[in-house]
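Participant: Below is one structure. I have some questions about it.
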Amino acid sequence: MLKSVSIKNLALIANAEIAFSGGFWVITGETGAGKSVFLSALKLLCGAKAMPSQIRNGEETAVLRSVFKIDSLADVREFLKEREIDFDDELEIQREILLNGKSKARINGVLANQSDLQELGEMLMQFHGQSEQTLLKNIKAQQKLIDAYCGNEEILQKCKESFDKWNAVHKKIEECKRNAESIAQQKDFLQFQLNELTSANLKLNEEEECENIVQSSASSEFKRRMANDCLELLISENGILNNMGELVSKLQKFESKCSNAPKAEAIISVEEILKTLTSELKKAGKQELYNTEQIENANARIALIQKLKRKYRTDLAALIELREKRKQELESLENSDSDLAELQKSASKLRAEFEKNAAELSKKRQAGAKKLDAEVEKGLHSLSMPTAVFSTRFVPMELSANGAEQGEFWITPNKGEGEKPLRQAASGGELSRVLLSFKCAMAGRDKVPLLVFDEVDSGISGEIAHKVGECLRELGKYHQVLTITHLHQVAALADGQFSVKKAETGNRTFTNVEPLNQNQRISEIARMLGDENSPTVLAHSRELLKKHG
């Protein structure tokens with residue numbers, strides 16, 4: 001329940017503090033006095049888009065604040081718990097609008113974004129005006145009204161979940177078919193690539209390994225050639241070692257004949273070193289890391305890999321991935337029939353589950369619609385449409401998350417006119433009465449505590465206006481009801497009344513919102529009757545309030 005609203009610097013309202021209690025309340029005042037500003041404040045507190053132009057001229061900010069009693073509002077309390085916002089039995093919403101186009105919102109003092117404000121606002125109040133009456137002509141909105149009346153939230157959720165599961169598998173089936181068809185069209189090409197890549201027997205890092213073999217073999221050939229060249233100098237017929245031996249022999253003869261001849265020992269030592277060198281060179285000349293066949297194989301593998309890389313325009317790792325991909329694609333083609341059969345089996349089961357839920361939803365809609373029709377029709381009769389006939393028709397539709405049919409409202413406003421869809425038949429005044437009849441029918445089911453009606457009684461007068469007032473008064477037993485009205489018949493039936501007046505002080509215009517006591521209500525209703533100074537009109541006004549007080 002809304003307990004209070006304060007408005008500061010919004011349009012023509014400089015400062016207003018308004019307190020409420022339960023039941024049916026009206027806001028009255030001359031046309032242009034600023035009644036809509038109060039509704040704008042409520043909408044802004046519920047997350048409506050804020051505009052700098054809404055700030056009172058000459059001021060920098062507009063500040064709005066509302067307090068709700070939430071002790072019995074479980075959904076609101078759960079909302080606050082989820083966002084870790086502290087609360088007791090009251091909820092405070094505050095919103096500040098700035099000249100730079102931005103706004104700040106707080107829920108119980110905690111900063112909140114616009115979407116949170118909108119979500120919370122939908123739990124706290126509903127606005128009904130010309131747009132909501134027009135919405136009655138939307139058949140999707142009509143379907144939602146039927147489901148809300150029937151209490152179909154749970155079965156609707158089950159229906160949606162089962163449809164989504166079936167639809168997801170159905171999409172997989174279609175995708176499986178498309179993939180199988182695409183792969184089947186390319187089967188020969190895919191098989192050729194797989195055969196070529198498989199026969200190549202490619203291995204990761206193989207190209208680098210083969211290049212190492214080739215490079216190593218080239219290095220070995222160089223070693224052998226250099227070793228053999230050195231051996232040629234050492235041990236050939238005219239090589240160093242042969243000449244060294246002859247030199248040693250001559251020196252030894254020379255030494256035996258002459259005591260002061262050079263010693264052969266130094267030459268012998270050098271000869272031993274050269275012999276050791278010769279032995280090492282022979283070993284080096286024989287070393288071979290890879291044989292000819294290995295080198296040839298390495299060169300052949302390098303040539304094959306290079307050829308495949310050029311052909312497929314990619315590297316070795318990607319060639320190996322492509323081989324595995326082609327293998328999987330061809331295997332999937334072979335397995336596609338069994339996979340498709342399994343998916344179709346699953347889809348059939350899920351569709352059966354969905355159809356079962358859709359059938360239950362249809363049954364509840366059909367049964368609930370009959371009761372709804374009777375209640376709305378009863379409401380229309382009480383609102384001075386005594387011969388009106390109201391009914392709901394269902395048309396089979398393609399299966400969707402919302403079930404198997406679309407409900408639409410039909411109405412015969414007056415006897416003998418013929419039944420027509422509500423979206424084609426009703427006038428503004430008739431739509432107002434249909435809307436009120438719906439709200440009365442939903443009174444015990446609708447959980448939103450505050451209903452706000454913006455001139456829902458426009459286009460009607462006389463006895464019909466009195467009936468509308470009685471309907472709003474009845475709604476006030478189930479909800480807190482706030483209505484802007486120009487009709488004295490409606491205002492007289494309210495539990496409480498506010499007057500909106502515009503006045504000039506100095507060079508400024510102000511809109512004031514004031515709660516009215518009994519005497520002030522008499523004067524205000526007399527003004528609505530046409531003459532607040534007439535004793536007769538005042539007496540009539542007093543009688544109206546006494547009668548309905």
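Participant: Can you pull out every residue in region 480-497 that is assigned to a strand (DSSP E or B), buried (at least 23 other Cβ atoms within 10 Å of the Cβ) and not polar (S, T, N, Q)?
Facilitator: Within region 480-497, 481, 482, 484 meet the criteria.
Participant: Residue 316 versus (1) at pLDDT below 90; (2) within 38 Å of the chain's Cα centre (by Cα): which is the lone unmet condition?
Facilitator: Answer for residue 316: the failing condition is (2).
Participant: Give the residues of region 133-172 that are in contact with a helix residue (DSSP H, G or I) (Cβ under 8 Å, 6 or more places away or on another chain) and of a type in the set (D, E, K, R), sorted by residue number.
Facilitator: Correct list: 137, 147, 153, 158, 165, 172.
Participant: Take the residues in region 126-160 that are of a type outside the set (Lys, Arg) and not in a helix (DSSP H, G or I); name whichever of them is nearest to residue 404 (Cα to Cα).
Facilitator: It comes out as 152.
Participant: For region 87-106, indicate whether the set of residues that are of a type in the set (Asp, Glu) and under 27 Å from residue 491 (Cα atoms) is non-empty.
Facilitator: No, region 87-106 has no match at all.
Participant: Let me ask you something else. Please verify whether residue 14 is open to solvent by less than 40 Å² (accessible area, probe 1.4 Å), modelled with pLDDT under 95 and part of a loop (DSSP other than H, G, I, E, B), treating the condition exactly as stated.
Facilitator: Judged against the criteria, residue 14 is not a match.
Participant: Among the candidates 398, 375, 355, which residue alone is surrounded by 13 or more Cβ atoms within 10 Å (Cβ to Cβ) and closer than 30 Å to residue 180 by Cβ?
Facilitator: Answer to the check: 355.
Participant: Something else now. If the Cβ limit is 9 Å and pairs must be 6+ apart or interchain, which residue in region 79-93 that is surrounded by 17 or more Cβ atoms within 10 Å (Cβ to Cβ) pairs with which residue that is at pLDDT 90 or above and of a type in the set (Asp, Glu)?
Facilitator: 79/116; 79/119; 80/86
Participant: Output the residues belonging to region 427-454 that are part of a loop (DSSP other than H, G, I, E, B), surrounded by fewer than 19 Cβ atoms within 10 Å (Cβ to Cβ) and touching a helix residue (DSSP H, G or I) at 6+ places or on another chain (Cβ under 8 Å).
Facilitator: 443, 445, 446, 447, 448
This table checks each residue for (1) in contact with a helix residue (DSSP H, G or I) (Cβ under 6 Å, 6 or more places away or on another chain); (2) of a type outside the set (Asp, Glu).
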site	(1), (2)
242	no, yes
248	yes, yes
253	no, yes
259	no, yes
263	no, yes
271	yes, no
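Participant: Any idea which of (1) surrounded by fewer than 23 Cβ atoms within 10 Å (Cβ to Cβ); (2) of a type outside the set (Lys, Arg); (3) in a helix (DSSP H, G or I) is the one residue 526 doesn't satisfy?
Facilitator: The failed condition is (1).
Participant: Right, here's the next one. Which is out of contact with any Phe, Trp or Tyr (no Cβ under 9 Å at 6 or more places or on another chain), assigned to a loop (DSSP other than H, G, I, E, B) and open to solvent by less than 80 Å² (accessible area, probe 1.4 Å), of 202, 194?
Facilitator: Numbers: 194 fails: assigned to a loop (DSSP other than H, G, I, E, B).
Unique residue meeting the criteria: 202.
Participant: Kindly provide the set of residues from region 62-106 that are in contact with a helix residue (DSSP H, G or I) (Cβ under 6 Å, 6 or more places away or on another chain) and among the basic types (Lys, Arg), ordered by number.
Facilitator: 95
Participant: Looking at region 461-468, is at least one residue open to solvent by 60 Å² or more (accessible area, probe 1.4 Å), assigned to a helix (DSSP H, G or I) and closer than 22 Å to residue 369 by Cβ?
Facilitator: No, because not a single residue in region 461-468 is open to solvent by 60 Å² or more (accessible area, probe 1.4 Å), assigned to a helix (DSSP H, G or I) and closer than 22 Å to residue 369 by Cβ.
Participant: Test of understanding: among 24, 38, 68, which residue is aromatic (Phe, Trp, Tyr), open to solvent by less than 10 Å² (accessible area, probe 1.4 Å) and within 31 Å of the chain's Cα centre (by Cα)?
Facilitator: From the options 24, 38, 68, the qualifying one is 68.
Participant: Go through (1) in a loop (DSSP other than H, G, I, E, B); (2) surrounded by 23 or more Cβ atoms within 10 Å (Cβ to Cβ); (3) among the β-branched types (Val, Ile, Thr) one by one and return the number of the condition residue 31 breaks.
Facilitator: (2)
Participant: On the basis of being touching a residue at least 12 places away in the same chain (Cβ under 8 Å) and among the aliphatic types (A, V, I, L, M), does residue 526 make the cut? Talk me through it step by step, then tell me what you get.
Facilitator: Details: touching a residue at least 12 places away in the same chain (Cβ under 8 Å): yes; among the aliphatic types (A, V, I, L, M): yes.
The answer is yes for residue 526.
Participant: Which numbered condition in (1) in a helix (DSSP H, G or I); (2) over 29 Å from residue 457 (Cβ atoms); (3) open to solvent by 40 Å² or more (accessible area, probe 1.4 Å) is the only one that residue 111 fails?
Facilitator: Checking residue 111 against (1) in a helix (DSSP H, G or I); (2) over 29 Å from residue 457 (Cβ atoms); (3) open to solvent by 40 Å² or more (accessible area, probe 1.4 Å), the one that fails is (1).
Participant: Okay, next question. Can you go through 350, 343 and tell me which one is within 30 Å of residue 155 (Cβ to Cβ) and modelled with pLDDT of 90 or more?
Facilitator: 350
Participant: What pairs come out if I take residues in region 467-482 that are closer than 10 Å to residue 450 by Cα and pair them with residues that are open to solvent by less than 60 Å² (accessible area, probe 1.4 Å) and assigned to a helix (DSSP H, G or I) whose C-beta lies under 7 Å away, six or more apart or interchain?
Facilitator: Close Cβ pairs satisfying both conditions: 481/472; 481/475.
Participant: Restricting attention to region 469-479, which residues are open to solvent by less than 20 Å² (accessible area, probe 1.4 Å) and touching a strand residue (DSSP E or B) at 6+ places or on another chain (Cβ under 7 Å)?
Facilitator: 472, 475, 476, 479
Participant: Just one of 293, 329 is loosely packed, with under 15 Cβ neighbours inside 10 Å and part of a helix (DSSP H, G or I); which is it?
Facilitator: 293
Participant: Now, a different point. Determine, yes or no, whether residue 54 is in contact with a Lys or Arg (Cβ under 7 Å, 6 or more places away or on another chain) and surrounded by fewer than 21 Cβ atoms within 10 Å (Cβ to Cβ).
Facilitator: no
The values are calculated or read from the model by the stated rules, or taken from the named source; none is laboratory data. Because the structure is a prediction, the values reported are computed rather than measured. Methodologically, a virtual Cβ is constructed for each residue, glycine included, from the backbone with ideal geometry; neighbour enumeration extends over all protein chains shown. All accessible areas refer to the heavy atoms of the entire protein, side chains included, with ligands and DNA or RNA removed. Shrake-Rupley method; radii C 1.70, N 1.55, O 1.52, S 1.80 Å.
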